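What follows is a short report on a single structure.
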Amino acid sequence: MNIVFNLLAIVFGLFSLSLIYPFLQILFDKTPINPISPTFQFSATFLFDYINFTLGNFINNYGKETTLLLVCVFVIIVFLLKNLCRFLAKYFLAIVRNGVVADLRQKLYNKIIDLPLAFFSEKQKGDTIARATVDLQEVEWGVLSVLELIFVSPVNIILSLVFLFSINAKLTISVLILAPIAGFVIGSVGKTLKKVSDKAQEKMGGLLSHLEETMGGLNIIKAFTAENYFSNKFETTNREHAHFMTKMLHRRDLSSPMSEFLSVSVIVIVLYIGTRMVLNNSESLDSAQFITYLAILSQLIPPAKAFTDAYYRIIKGSASLDRINEIIEAKTDIKDAENAIEISQFNNAIEFKNISFSYTEKPVLKNISFSLEKGKVVALVGASGSGKSTIAKLLTRFYDVEQGEILIDGKSIKNISQKSLRRQMGIVSQHAILFNDTIENNIALGNEINTQKIVEASQIANAHNFIKNLENGYKTNIGDGGFLLSGGQRQRLTIARAIYHNSPILILDEATSALDAESEKLVQNAIDKLLHNRTVLVIAHRLSTIRNADNIIVLDNGEIIEQGTHNDLLKMKGVYEQMVGLQFPVALNKEKKTK
Ligand SMILES: Nc1ncnc2c1ncn2[C@@H]1O[C@H](COP(=O)(O)OP(=O)(O)O)[C@@H](O)[C@H]1O
Ligand SMILES: [Mg+2]
């Protein structure tokens, strides 16, 4: 529809311009009274002859003044139609344009959700945000808004040229000789544009990352009075960005003055040649035709300008499109197997079989084997960095193991669909991850909301009491990352979430380590209730959780060095016994007394 209306607008535009001709004829009092209607030809000469013929008839019948009035009304109607078509063309383009941008944004978001965690671990968050916002905007402005120009301007230019050709071929040929020179100049400036644009967008990503980090760590920045450091760091990137943007704009802004200058030069040359033709009276060009010719030729300037402008914007936008495509076309290396099995329940056991894994070159896990039977609790302990969280990430298949395999009820997790695998697991991590939403929605997190069950889950998680006292209870919005809540409250919410989802397998990764003693007690109490009758992989340094575990696995540098129950391990008098002595002196003393 856009193209159809644009073409109509061009035709009306050309037609309306050729109506200058009758004005001039009336003005110069030159209307030849032509009694015979001219035979139809597809040419400007026919048009002019036809106009002369009609005009002559009109003047004969109604007189000059009425004819002038009629011509005026006719011009207005044609212009009205032209601009109506222009509006309709834009009207339909707006729908396409925003539709494409929305689709692209959705595609990008879905891909971001779909990509494995590893993809983003090396990337700055701000960079991804920049791609989803600034780059997308750039695509909208740069590519979509000028898409029609790329189709329409050439058509406009070609139609105008054809029209000009039929008025006077010789003049038009001189225009055509000059065009390639202009094209070359325009193209050579355009080439450098993309590189600069790429750099500018990259810096924008850096800026957004910085901003994001600043917002997240504002209290620390202020507490350590690091404002200047952060401000300076921001300024450096900001200036670099401004530098590249300026460079880019300088180049881009060259497009329109350059094409105007080039077009006007062409027109002046034509003016010179044409006027001489009219003066010499030698060629078939009268002054009214020549003025009409010039009027149409001058109308070539806007499309020529628009075309160069569009060309430059597209170059700039394509740099952004590349950046968006980098994400959309990124390979997902953690994929569901072709005939992945859906599991609906967990029956027997999870087995880790000779697992080795590394994020980079440095091995993080070496030959780890253990099993976790249904209804049992296995605890992972070990120094920080020994690979405990990594084991949890492998079980949820956030990363794929390199060697060995993880089996659930005898099936390798690589053959199970990721969704059904993860549906079996509930996770409570060290950092309570909450979203800017109501308490209810944070607990249900995408599942159906059952108020009764949410309250029950919150009661088990020791969260009901504080939620009840909030202004809007379960409907209270907890702010960005749950910042309206205390650390302990946040953690109890994530525990309520795990309970609500009622997954058969629970993974607790140092759920209490970030808490103060008071909240730790409440959270620990919630966890104790949670452990009941569930299969749990718990990573903890609190003795009370570990002590009752059915199996305690001691990790050191990615290797299992001891395992057994609390009492077994104490008897071994190895690393575990030492750790217990170091980390929980009070608890250990109690332990010794009871012995
Ligand atoms: N995304 C990652 N990329 C690279 N190395 C990582 C990543 N996550 C963790 N590591 C490294 O893997 C090792 C084990 O980490 P982790 O399993 O988190 O230890 P723990 O939970 O026992 O403290 C550490 O040396 C850590 O530096
Ligand atoms: Mg950890």
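The values are calculated or read from the model by the stated rules, or taken from the named source; none is laboratory data. Remember, it's a predicted structure, so these values are computed and weren't measured experimentally. Cβ sites come from the backbone with ideal geometry, for glycine too, and all protein chains shown count toward neighbours.
A few points about this structure:
Condition check ((1) of a type in the set (A, V, I, L, M, F, W, C); (2) within 16 Å of ligand 2 (Cβ to nearest atom); (3) more than 31 Å from the chain's Cα centre (by Cα); (4) part of a loop (DSSP other than H, G, I, E, B)) across all residues:
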| position | (1), (2), (3), (4) |
| --- | --- |
| L394 | yes, yes, no, no |
| V401 | yes, no, no, yes |
| N447 | no, no, no, yes |
| I467 | yes, no, yes, no |
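- Test for L147: is it modelled with pLDDT under 85 and more than 26 Å from the chain's Cα centre (by Cα): no
- Residue count for region 429-459 under the criterion of being closer than 10 Å to R492 by Cβ and out of contact with any Gly (no Cβ under 9 Å at 6 or more places or on another chain): the result is 1.
- Residue in region 128-142 that is of a type in the set (A, V, I, L, M, F, W, C) and not in a helix (DSSP H, G or I) present: no
- Among the candidates G274, G317, residue that is of a type in the set (G, A, S), within 24 Å of F23 (Cα to Cα) and assigned by TED's automatic domain parsing to the domain that holds L117: G274
- Options S153, S160; residue that is at pLDDT below 80 and crowded, with 18+ Cβ neighbours inside 10 Å: S153
- Q403 vs. criteria out of contact with any His (no Cβ under 6 Å at 6 or more places or on another chain), within 24 Å of Y500 (Cβ to Cβ) and either buried (at least 19 other Cβ atoms within 10 Å of the Cβ) or not charged (D, E, K, R) (or both): no
- Of the candidates Q452, Q430, Q424, the single residue that is over 18 Å from G558 (Cβ atoms) and modelled with pLDDT under 90 is Q430.
- Of all residues making up region 199-237, the number that are in a loop (DSSP other than H, G, I, E, B) and surrounded by 13 or more Cβ atoms within 10 Å (Cβ to Cβ): 2
- All of L294, L208 fail the test of being under 30 Å from I173 (Cα atoms), assigned by TED's automatic domain parsing to the domain that holds E148 and in contact (Cβ under 8 Å) with a residue 12 or more places away in the chain, apart from L294.
- Of the strands (runs of 3 or more DSSP E) that lie entirely inside region 531-574, those containing 1 or more residues that are among the hydrophobic types (A, V, I, L, M, F, W, C), surrounded by fewer than 21 Cβ atoms within 10 Å (Cβ to Cβ) and more than 16 Å from ligand 2 (Cβ to nearest atom) span 559-564.
- Meets criteria (surrounded by 18 or more Cβ atoms within 10 Å (Cβ to Cβ) and more than 27 Å from R105 (Cα to Cα)) for A182: yes
- Test: residue in region 279-286 that is surrounded by 13 or more Cβ atoms within 10 Å (Cβ to Cβ) and either touching a Gly at 6+ places or on another chain (Cβ under 9 Å) or at pLDDT 90 or above (or both): yes
- Residues of region 354-380 that are near ligand 1 (Cβ under 9 Å from one of its atoms) and within 17 Å of I546 (Cα to Cα): L380 alone.
- If only residues of region 482-511 that are farther than 17 Å from R534 by Cβ and part of a loop (DSSP other than H, G, I, E, B) are counted, the one that is farthest from ligand 1 (Cβ to nearest atom) is L484.
- Taken residue by residue, region 415-424 has at least one member that is closer than 18 Å to R497 by Cβ, touching a strand residue (DSSP E or B) at 6+ places or on another chain (Cβ under 7 Å) and more than 16 Å from ligand 2 (Cβ to nearest atom).
- Within region 113-127, the set of residues being away from ligand 1 (no atom under 16 Å from the Cβ) and crowded, with 17+ Cβ neighbours inside 10 Å comprises G126, D127.
- Subset of region 364-387 that is assigned to a loop (DSSP other than H, G, I, E, B) and within 11 Å of ligand 2 (Cβ to nearest atom) - its residue that is surrounded by the most Cβ atoms within 10 Å (Cβ to Cβ): G387
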